[in-house]
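This report concerns only the one structure given below.
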Amino acid sequence: MNLAVFASGGGSNFQAIADAIFSGELPASLALCVASRPDAGVIERANRLSIPVHVLSGSQDDWLPQLLTQLSERNVDFIALAGFMKMIPSSLVAVFRHRIINIHPALLPDFGGKGMYGMNVHRAVIASGTKKTGATVHLVDEQYDTGPIVMQASVDVLPDDTAESLAARVLDVEHRLYPSALKSFAENRVNIDGSIVSIL
Ligand code: GRF
């Protein structure tokens with residue numbers, strides 16, 4: 001697996017993936033880090049690890065062809081979105097069909113969709129009164145958070161949780177779940193049948 005990780009923020013999931021690759025736990029190469037903004041914290045993490053970085057700029061008409069060239073020149077065959085705040089254009093979904101995954105900080109299909117990102121998710125979880133939340137890895141399709149679910153891990157919502165305390169516990173779980181989901185793809189143990197994904 002020749003992986004590109006797309007991120008817009010601090011990049012703790014990028015770091016967890018890189019750590020899993022460098023420790024030998026995840027059989028993949030980290031070919032490229034794609035950042036949607038020049039001030040994304042993930043860029044510094046990638047620089048520290050000497051992973052090539054590509055920063056998107058301009059309108060989609062400008063950045064999409066440049067991105068496709070980068071992915072092709074670096075022989076990227078799999079994409080992991082990790083806190084990437086741009087919609088993936090349908091033409092990119094088509095080129096990488098079933099080879100783009102995302103991690104979402106809740107148990108989809110609940111608490112997903114437009115506007116459900118960052119602390120908004122954890123605030124909505126707490127306001128709903130649910131006692132369980134968690135993280136979901138799913139395949140990326142043309143809409144937000146609707147693609148087939150690959151793996152989930154749950155986290156208890158505690159009576160005195162704030163959005164921040166809950167986010168921190170969910171993020172901790174994400175750092176284990178995401179490399180584990182990627183490992184299943186890297187080892188060809190993922191079977192996709194319509195909306196049903198099975199891990200062999
Ligand atoms: C994570 O909570 C992830 O689930 C969501 O965005 C956040 C990214 O965090 N999609 P980080 O940049 O990996 O620290």
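Each reported figure results from applying straightforward, stated rules to the coordinates on display, with no laboratory input. Worth saying up front: this structure is predicted, and the values here are computed from it rather than measured. All Cβ positions, glycine included, derive from the backbone under ideal geometry; neighbour counts span all protein chains shown.
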ask   = What does a probe at E164 reach in region 1-21, counting residues whose amide N is under 19 Å from the point 7 Å along Cα→Cβ?
value = 10-12
inquiry  = Along the charge dipole of the chain, pointing to its positive end and built from +1/-1 on Cβ of Lys, Arg, Asp and Glu, which listed residue (L26, L71, V137) has its Cα farthest out?
reply    = L26
query = Short version: ³J(HN,Hα) in whole Hz for each residue of region 5-17, in order, from phi by Karplus 6.51 cos²θ - 1.76 cosθ + 1.60 (θ = phi - 60°), x for Gly and Pro, what are they?
reply = 10, 9, 8, 10, x, x, x, 5, 6, 4, 4, 4, 5
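Let me have the 222 nm mean residue ellipticity of the chain computed from DSSP H runs of 4+ only, each contributing -39500 (n - 2.57), with the sum over all residues rounded to the nearest 500. Walk me through the numbers before you get to the answer.
Details: 6 runs with 73 residues, N = 200.
Per the formula, -11500 deg cm²/dmol.
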inquiry  = Counting just the Cα atoms, what span does region 1-96 cover along each of its three principal axes? Round to the nearest Å and put the largest first.
reply    = 38, 27, 19
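Run the dipole for the chain about the Cα centre, Lys and Arg Cβ at +1, Asp and Glu Cβ at -1, nothing else charged, and hand back the magnitude in debye, nearest 20. Each step should come with its number before you reach the end.
Numbers: 15 positive and 20 negative charges, 21 e Å.
In debye, rounded to 20, the chain gives about 100.
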request  = Starting from the Cα of K132, draw a straight line to each of the lysines and keep only those under 22 Å, dropping any in the same chain fewer than 8 residues away.
outcome  = K114
query = In bins 5 Å wide, starting from 0, what share of all Cα pairs of the chain does each bin hold, as a percent?
reply = 1, 8, 16, 20, 21, 16, 11, 5, 1, 0, 0
request  = List the residues of region 86-125 whose backbone N lies under 12 Å from a point placed 7 Å from the Cα of Q143 along the Cα-to-Cβ direction.
outcome  = 112-114
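With only Lys, Arg, Asp and Glu charged, each at its Cβ (+1 for the first two, -1 for the last two), find how big the charge dipole of region 56-135 is about the Cα centre; round to the nearest 20 debye. Provide the component values of the computation, followed by the final result.
Working: 8 positive and 5 negative charges, 86 e Å.
Approximately 420 debye in magnitude.
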message = Viscosity 0.890 mPa s, temperature 25 °C: give me the Stokes-Einstein translational D for region 94-173 in µm²/s, with Rh taken as the Kirkwood radius over C-alpha pairs.
response = 191
ask   = Beyond 13 Å, what share of the Cα-Cα pairs of region 135-200 remains, rounded to the nearest whole percent?
value = 67
query = Based on the alpha-carbon gyration tensor of region 46-100 and its eigenvalue square roots a ≥ b ≥ c, which shape applies: rounded if a/c is under 1.5, prolate if not and a/b is larger than b/c, or oblate?
reply = rounded
